[in-house]
Amino acid sequence: METEYFGLLIGVSFFAGVVDSIAGGGGLISLPALLFAGVPPAMALGTNKFAGTCGGFVAALNFARKKLINWRLFVFGAGFTVLGGFLGSRAILLFDTENIQIFILICLPLAAGSLFIKKVDPVPVRVKHEEP
């Protein structure tokens, strides 16, 4: 990778982190930047996932400090997250680098577009309010 991309990637990474902390989806900014800078797709995905994991870890610490975590659900979800990360990282290595880069660059705009589709809650959640 050319050294002139480092400064640009640092700026893009900072911007992606800010966006991710406010609304989520920072990876939709950092991943294309890494790919356009010439980082191989597997390494770009790993770098992007590492940054997202660090942000998620800090968020989880904040929720834990406020005692807002259902630990049983957290452990269950974390187990599947680790399994999915492992399988995904192994699977990406099975594909040709050029083809996977094209696939990622096609999927990213679709993922970004999905952020603007209004979500419909299929089952409304009713919260019981107890009188003091």
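The values are calculated or read from the model by the stated rules, or taken from the named source; none is laboratory data. The shown structure was predicted, so the numbers you read here are calculated from the model rather than taken from an experiment. Methodologically, a virtual Cβ is constructed for each residue, glycine included, from the backbone with ideal geometry; neighbour enumeration extends over all protein chains shown. Quick note on the areas: whole protein, heavy atoms, side chains included, nothing else; ligands and nucleic acids left out. Shrake-Rupley method; radii C 1.70, N 1.55, O 1.52, S 1.80 Å.
Residues that are within 15 Å of residue 112 (Cβ to Cβ), in a helix (DSSP H, G or I) and among the aliphatic types (A, V, I, L, M) within region 13-42 comprise 16, 19, 28, 29, 31, 33, 35, listed in sequence order. Taking the conditions (1) within 18 Å of the chain's Cα centre (by Cα); (2) of a type in the set (Val, Ile, Thr); (3) exposed (fewer than 13 other Cβ atoms within 10 Å of the Cβ) in turn, residue 75 satisfies each one other than (1). When region 60-87 is filtered for residues that are assigned to a helix (DSSP H, G or I) and either touching a residue at least 40 places away in the same chain (Cβ under 8 Å) or touching a helix residue (DSSP H, G or I) at 6+ places or on another chain (Cβ under 8 Å) (or both), the ones remaining, listed by number, are 60, 74, 85.
Annotation note: Cβ proximity below 8 Å between a residue of region 1-30 that is in contact (Cβ under 8 Å) with a residue 24 or more places away in the chain and a residue that is among the polar types (S, T, N, Q) and part of a helix (DSSP H, G or I) (sequence gap 6+ or interchain) occurs for 13/30; 16/30; 27/48. Among the residues of region 89-110, the ones that are touching a helix residue (DSSP H, G or I) at 6+ places or on another chain (Cβ under 8 Å) and open to solvent by less than 50 Å² (accessible area, probe 1.4 Å) come to 4 in all.
Scan region 38-54 residue by residue and report those that are open to solvent by 40 Å² or more (accessible area, probe 1.4 Å), in contact (Cβ under 8 Å) with a residue 24 or more places away in the chain and in contact with a Gly (Cβ under 9 Å, 6 or more places away or on another chain). Selection gives 45, 49, 51. Report yes if residue 61 is among the aliphatic types (A, V, I, L, M), modelled with pLDDT of 90 or more and surrounded by 10 or more Cβ atoms within 10 Å (Cβ to Cβ), otherwise no. Spelling it out, residue 61 is indeed among the aliphatic types (A, V, I, L, M), modelled with pLDDT of 90 or more and surrounded by 10 or more Cβ atoms within 10 Å (Cβ to Cβ).
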